[in-house]
Amino acid sequence: MLFRQLYDHESSTYTYLLAARRGGEALIIDPVREQMDAYLRLIEQLGVKLVIAVDTHTHADHVTALGKLREATGCASMMGERTKAECVSAQFRDGETLKVDGIGLRALYTPGHTDESFSLVMDDRVFTGDVLLIGGTGRTDFQNGDAYASYDSIFNKLLKLPDETLVYPAHDYKGWMVSTIGDERRHNPRLQVDSAEAYAAIMNNLNLPNPRLMDIAVPANLRCGVVDAASG
């Protein structure tokens, strides 16, 4: 399998490109608009055909490249069935498998960071979006986030995966690239709680500032990355 982890320094976003083989079909997860040239170069270098671009949720800290990738490559743009982004080519449901030329990713509904967040599960790894981060968890204080839903998604869904499952999040702010379910269960400080109430108490008292680009990114991402001229 071809697997590339790409990083946008401005938003600390990880993007993932997967393909079963050179010359085959590929899928990209959580692409960033400002990295379009890098994605297109990589696609050309690997000789793959991009057929699906997917966002795990409506991001608030960067503008997605879903629309631009669809224009440039003819790929389908996809998000989970609870998205409000009507611009996507197709939506996927909980339990549905996204298939690309020998690669399958099972869609797992994991709300909490937002009410439409999904994770994508393979045999040996999971792409967790912003729900489960390395040594942390995604904030739950906007976009219909919910700390109790986050707890349920993490403890009753993601942590039920095998301990050796690799964890690839959509963001990291410390340069960490990959973890495992077992490591997060044992060492993630926000998961060392004995109840949903204790977890919610942590999440509801983070008092974080809003993402800098939130007012631009959210409306743009509901249009698959089309930025309103008035907002830049």
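The values are calculated or read from the model by the stated rules, or taken from the named source; none is laboratory data. Owing to the predicted nature of the structure, the values given are computational and were not obtained by experimental measurement. Neighbour counts are summed over all protein chains in view; Cβ atoms, including those assigned to glycine, are modelled from backbone coordinates with ideal geometry. Note: areas computed on protein heavy atoms with side chains; ligands, DNA, RNA excluded. Shrake-Rupley method; radii C 1.70, N 1.55, O 1.52, S 1.80 Å.
Details
- Members of the stretch 123-182 found to be of a type in the set (D, E, K, R), part of a helix (DSSP H, G or I) and either open to solvent by less than 20 Å² (accessible area, probe 1.4 Å) or in contact (Cβ under 8 Å) with a residue 12 or more places away in the chain (or both), listed by number: D152
- Test: residue in the stretch 3-20 that is modelled with pLDDT under 95, open to solvent by 10 Å² or more (accessible area, probe 1.4 Å) and farther than 19 Å from L133 by Cα: yes
- For C224: the one exception among (1) part of a helix (DSSP H, G or I); (2) open to solvent by less than 50 Å² (accessible area, probe 1.4 Å): (1)
- Unmet requirement for V193, which otherwise passes all of (1) over 25 Å from F3 (Cα atoms); (2) open to solvent by 40 Å² or more (accessible area, probe 1.4 Å): (2)
- Residues in the stretch 113-122 that are touching a helix residue (DSSP H, G or I) at 6+ places or on another chain (Cβ under 8 Å) and open to solvent by less than 10 Å² (accessible area, probe 1.4 Å): S117, S119.
- Taken over the stretch 95-122, residues that are under 28 Å from I202 (Cα atoms) and not in a strand (DSSP E or B) amount to 8.
- Residues of the stretch 40-92 satisfying the condition of being of a type in the set (D, E) and out of contact with any strand residue (DSSP E or B) (no Cβ under 8 Å at 6 or more places or on another chain): E44, E71, E86
The rows are residues; the columns are (1) more than 18 Å from the chain's Cα centre (by Cα); (2) farther than 22 Å from T128 by Cα; (3) buried (at least 18 other Cβ atoms within 10 Å of the Cβ).
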site	(1), (2), (3)
D37	yes, yes, no
Q45	yes, yes, no
L50	no, no, yes
T56	no, no, yes
T64	no, no, yes
K68	no, yes, yes
E71	yes, yes, no
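- Test set (1) open to solvent by 20 Å² or more (accessible area, probe 1.4 Å); (2) touching a Ser or Thr at 6+ places or on another chain (Cβ under 9 Å); (3) not hydrophobic (A, V, I, L, M, F, W, C) - S77 fails condition number: (1)
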